[in-house]
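Each remark here refers to the structure printed beneath this line.
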Amino acid sequence: MTKEKKHEVLLDIQNLHIEGYSDEHWVEIVHGVDLKLHRGEVMGLIGESGAGKSTIGLAAMGFTRDGTRISEGSVDFDGMELTTTPKADLRSLRGARIAYVAQSAAASFNPAHRLIDQHTEAPVQYRIKKRLESQEDAMELYNRLRLPHPHEIGFRYPHQVSGGQLQRAMTAMAMSCRPDLIIFDEPTTALDVTTQIEVLSAIRDIVDEFNTAAIYITHDLAVVAQMADVIKVLLKGNEVEQADTRTMLENPKEEYTKSLWAVRDFKSAQKKRPANTLPLYSVENIDAAYGTVKVLEDVSFDIFAGMTVAVVGESGSGKSTTARCITGLLPPTSGHILFKGEEMPPRFQDRTKDQLRQAQMIYQMADTALNPKVKIKEIIGRPAQFYGGLRGAELKTRVDELLDLIELDPANYYNRYPTELSGGQKQRIGIARALAAEPTFIICDEITSALDQLVAEGILRLLDKLQDELDLAYMFITHDLATVRSIADEVVVMQNGKVIEQGPKDVMFTPPHHEYTDLLLSSVPEMDPDWLTTLLEERGVDDN
Amino acid sequence: MGDILNIVIKRLGLGLLTLLVISVIIFGAVELLPGDIAEAVLGQGATKENVAAMREQLGLDRSAPVRYFEWLGGAVTGDFGNSLVSQKPVSEAIGERFSNTLFLAVYAAFIAVPIAIFLGILVALYRNTVFDRVANILTLTSISAPEFFLAYVLILFFSVKWGMFPAIAKIDADMTLLDKLERTFLPALTMVLVVVAHMMRMTRASIINLLASPYVEMARLKGVPAWKVIVKHTLPNAWAPIINVVALNLAYLITGVVLVEVVFVYPGIGQMLVDSVTKRDFPVVQACCLIFAATFILLNLAADIGAILTNPRLRHPK
């Protein structure tokens, strides 16, 4: 954090206005933002989705996405005014002097080309390096970024490399021409906490080492605290406030910033297992496989009525597969699923309507889980009709009731399409659809991970309220331990298809932990700007 | 690579199965036609005894399944029976005609496919410009006009007015390749005009479809020039739908060219099929239909395999 700053301004954005084209009108989405960045400085841009973070980040490259335009203001990069620079000159800046690291490396690497060919593309094109030189440089960068097999990994295709490795390879690619400025657009949002640490420390080291200036865009405050020298908070295309990282964390001035800081305070009271009752659902020693690949091994846990079980673990640990086994979408190869002590048929096709009704699902991506061509009333009405046999006026009353439950005004939403709703509203519709079947148990598969923290908190509060009102049991699949802290009663930790540890939340969050649980817990970023440095020292990672 | 071989073998098996089903349908359809070969050959004046004798002679008095398997057995070895009109083996007559049709199809494809893909890339690059619109209007016009009309327009200008190419495309085995190419230029051009639009528009659509993907944005943000974004970053991922449409059009070039052959008096298989239907020469009709079906199946199979091969996930498994 304490590196020497040359006080030379590299990027000077003044009074930036950006417009987006929607419904045949140009609508202003960024309303006059100023941004000043010195050489070697890292600025964190934070805010919810729709705050204009990415738009501003791209504008710093003189780039606007299709359907957006810079309508006013100036972007001065090292003496060049990017808003008036001819396209060809602008293009030759990109990749060479300003580089970009995207949120999803998996989607941002071209699936048709090897990593190293994509790496060398810009330097070769700008004649900064010959292909072979650039390849060697790539290997050197891969090595610095602590990628395994740095001399070979570049010759793989994107699908042959894991998400965290891809994200580091993309950072290496951004470094390929040794740019003055890199825009990091949520580079760790799609990663597991344990992977996130590796990527964060790799990015931090390399930015430090080459004295590269960076704009670090994220909605995760704890992450930005580790990375940035200064933080700028944005809300709906306006600047809320800016200060250096420590000041901002210790002493935020604006109400909005304080509310962001306070999000993680929500905690529902932890419930205890009721005595002398059968669990609502029991997962007993199940194994499962996709084809010949074994993905679950001897998984067992119980879920009691009215309680929340959080299932945590990295991607690929078998959390969602367990859910598929419970709902019967993937029949286990051995083991049993019990409902109130009675065994359920393994395949959902063999279950009765009443058995099916008991367990409902809510998905991570509300965008893809709701049919965009169908109105809200049908999305919610269909399960009510299927399971409850409701028709006509009865059905309408039920849909209204459900909309009331999820705190959306029935009159306003009954006839709308999912595409007209925000992310949080869509997720609420997903909840209403699950409730329509009158279940006793709902599986929530990463339902808040695609949402902004404020919105996610609203969803968690809603679920908590519904649990009290309807005596629902939840299975909460997540890799976000903050969510676990706020809503879980019991915790199940999974790794590589096995249950590593389980128990009541208070016990699970008190040491001693299983080694893996400990790794997971300690990997969750904290708001302390020294957290990452301290952690890496503790873990003994060579932080050069 | 073992995976790909597996897929190819499976598809090949499925293709053969489809062909078998189609052979049943073809045989059944001919069976359903009113009257049979005996009646057709002997004409309306024939006595019942004559017809019966003829049936026995041709083996038509046996049950349909028996005759089907006999026909199928022959077809597998290339023996489609004798033509009722010429009494010569069907395979002999068809062989030359089919190779003529193939020649014309390949000729047209060699011109049409590169043009269509190149134009498709250009209109994707200059999408929503005047060039894009003009190219679309022209190709759509040419696909919308009936083939015989296009053919006559080409004849009017290229042979009648300017005298550049012959209007009649009669070829025989003794001609040199160059001669053949010159003679058949106008029918080939007609077919090019008919198939280019479809392939070009699919190329454009599948490229544009990918332009919004994050890796294309990434390429732009790396400063990659616009043409290279399309050729290097978009096209390699856009092949699957393009290959399918190309295969469909190649199949059309072989099976859908009757009108063009008639206009240019070209000795292809399409004309032969039409002649045989009017003359009730069922063995020839059956053989032609089977060949057409096999062409469709083979080309679709090739397209499937081609699409699979363009997928890096299959070419380079983890």
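With all protein chains in place and a 1.4 Å probe, the accessible surface of segment B:39-150 carries 64 percent carbon and sulfur. Computed with a 1.4 angstrom probe on protein heavy atoms, the B-A interface buries about 2300 square angstrom of accessible area in total. Site pair A:ASP244 and A:VAL507 shows an inter-label distance of 4.8 nm when each label is modelled 7 Å from Cα along Cα→Cβ. Sequentially through segment A:167-172, phi angles give Karplus couplings (6.51, -1.76, 1.60; θ = phi - 60°) of 4, 6, 4, 6, 4, 4 Hz, Gly and Pro residues having no value and appearing as x. Within the accessible area of segment A:183-285, the carbon and sulfur atoms contribute 49%, probe 1.4 Å, all protein chains present. Among A:HIS38, A:HIS159, the order of accessible area from largest down is A:HIS38, A:HIS159, computed with a 1.4 Å probe on protein heavy atoms. Express the Stokes-Einstein translational diffusion coefficient of the protein assembly as shown in µm² s⁻¹, to the nearest whole number, given a Kirkwood radius over alpha-carbon pairs, 4 °C and a viscosity of 1.567 mPa s. Estimated via Stokes-Einstein, D reaches 40 µm²/s.
One quarter of the surface of the convex hull around the alpha-carbon atoms of chain B equals 21.7 nm², the direction-averaged projected area. In the neighborhood of B:VAL285, defined by Cβ-to-Cβ distances under 11 Å, what is the net charge if each Lys or Arg adds +1 and each Asp or Glu adds -1? Charge balance near B:VAL285 sits at 0.
Each residue of segment A:38-52 was assigned a 3J(HN,Hα) from its phi angle through the Karplus expression (A = 6.51, B = -1.76, C = 1.60, θ = phi - 60°), giving 8, 4, x, 8, 10, 10, x, 9, 10, x, 6, 5, x, 7, x Hz with x at Gly and Pro.
Cβ-Cβ distance of B:PHE131 and B:LEU16, R₀ of 56 Å, FRET efficiency by 1/(1 + (r/R0)^6): the value works out to about 0.80. Using the Cβ-Cβ distance between A:ASP367 and B:VAL106 with R0 set to 45 Å, the FRET efficiency from 1/(1 + (r/R0)^6) comes to roughly 0.45. Excluding ligands, DNA and RNA, the accessible surface per residue across segment A:412-544 is 39 Å² with a 1.4 Å probe.
Contact residues in segment B:288-318 (at least 20 Å² less accessible area with all protein chains than alone, 1.4 Å probe): B:PRO312, B:ARG313, B:HIS316, B:LYS318.
Take A:TYR413: with every protein chain present and a 1.4 Å probe, its accessible area is about 30 Å². For segment B:169-318, the Kirkwood hydrodynamic radius comes to 18.4 Å, computed from all pairs of different C-alpha atoms.
Size of segment A:263-410 from its Cα atoms: along the principal axes, largest to smallest, the extents are 47, 40, 34 Å.
Available extension along the chain between A:GLU515 and A:GLU255 is 89.6 nm, counting 0.36 nm per residue and deducting the alpha carbon span. The fraction of accessible area contributed by carbon and sulfur in segment B:203-318 is 69 percent, rounded to a whole number (1.4 Å probe; ligands and nucleic acids excluded). The rule of thumb for compact globular proteins, 2.2 N^0.38 Å, goes into the C-alpha radius of gyration of segment A:434-544 1.25 times.
Quick one: helix A:115-125 against the long Cα principal axis of chain A, what's the angle to the nearest 10°, folded into 0 to 90? The answer is roughly 30 degrees.
At full extension, B:ALA46 and B:ILE25 could sit 4.6 nm farther apart than now, given 0.36 nm per residue minus the alpha carbon distance. Net charge of the neighbourhood of A:ILE128, taken over other residues with C-beta under 13 Å away and scored Lys/Arg +1, Asp/Glu -1, is +4.
For the pair B:ALA294 and B:SER144 in one chain, pulling the backbone fully straight at 0.36 nm per residue adds 51.2 nm over the alpha carbon distance. Under a 5 Å amide H cut-off, with hydrogens placed 1.01 Å from N, A:GLY47 pairs with A:THR218, A:LEU234 among residues at least 5 apart or on other chains. Kindly identify residues of segment B:181-226 having a loss of at least 20 Å² in accessible area between the isolated chain and the assembly of all protein chains, probe radius 1.4 Å. Those are B:PRO214, B:TYR215, B:GLU217, B:MET218, B:ARG220, B:LEU221, B:LYS222, B:GLY223, B:VAL224, B:PRO225, which lose 20 Å² or more relative to the chain on its own. Neighbours of B:GLY81, meaning other residues whose beta-carbon lies under 12 angstrom from its beta-carbon, give a summed charge of -2 when Lys and Arg score +1 and Asp and Glu score -1.
Computed with every protein chain present, the accessible area of A:TYR474 is close to 0 Å² [probe 1.4 Å].
Contact residues in segment A:100-130 by the 30 Å² criterion (accessible area, 1.4 Å probe, full protein complex versus chain alone): A:TYR100, A:ALA107, A:SER108, A:ASN110, A:PRO111, A:ALA112, A:HIS113, A:GLU121, A:GLN125.
The values are calculated or read from the model by the stated rules, or taken from the named source; none is laboratory data. This is a predicted model, so every value here is computed, not measured. Here Cβ is always computed from backbone atoms with ideal geometry, including for glycine, and neighbour counts include all displayed protein chains. Only protein heavy atoms, including side chains, enter the accessible area calculation; ligands, DNA and RNA are left aside. Shrake-Rupley method; radii C 1.70, N 1.55, O 1.52, S 1.80 Å.
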